[in-house]
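Down below is the structure, laid out as structure tokens.
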Amino acid sequence: MAKVSADIGPDIGQKKEDPARSQASGMDIERFWSLLVSHQGETFYTAKKLPFTYRIRGGEVFVDRRSKSITRATMENALKKLAADEQHLITGPKALCCFGAPYIWALIKAFEPKD
């Protein structure tokens with residue numbers, strides 16, 4: 001059975017578009033990676049409000065709260081999953097089902113356009 005969101009948009013029964021999803025689906029890995037490079041060292045917050053910073057070395061993101069790195073390929077796969085999620089079932093980090101999901105989700109949310 002499909003997961004139903006209680007988020008209702010302007011038309012009855014039409015779901016409101018998640019800004020992280022629209023930004024992620026419109027953002028390729030090159031643009032996302034360049035944003036990551038330019039904002040490394042800044043403090044970001046996970047969905048559970050845990051602060052973290054990161055550094056990039058080569059094709060890896062090293063988060064200060066983790067001992068392992070998150071690869072560029074993992075970031076790219078997360079962006080692809082969001083772009084391919086036409087039923088809007090990915091609503092948070094757990095649904096990304098990838099290593100470092102809380103941090104990837106937080107970074108995607110941080111780089112979404114502000115209205």
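Each of residue 112 and residue 73 was given a label point 7 Å from its Cα along the Cα-to-Cβ line. The distance between the two points is 2.9 nm.
Please state the shape class of the range 19-110: rounded when a/c is under 1.5, otherwise prolate if a/b exceeds b/c and oblate if not, all from the C-alpha gyration tensor. Verdict is prolate for the range 19-110. Count Lys and Arg as plus one, Asp and Glu as minus one, and take only other residues whose Cβ is under 15 Å from that of residue 59; the net charge is then +1. Counting charges near residue 41 (Lys, Arg +1; Asp, Glu -1) among other residues having Cβ under 12 Å from its Cβ returns a value of -1. Full extension of the chain between residue 37 and residue 80 yields a length gain of 13.5 nm, computed as 0.36 nm times the residue separation minus the alpha carbon distance.
Look at the alpha carbon pairs under 8 Å that are at least 6 residues apart: their mean separation over the length of the range 19-110 gives a relative contact order of 31 percent.
Every number here is computed from the coordinates shown, using simple stated rules; none is lab data. Every value quoted in this text rests on a predicted model; they were computed, and no experiment measured them. Backbone-built Cβ (ideal geometry, glycine too); neighbour counts: all protein chains shown.
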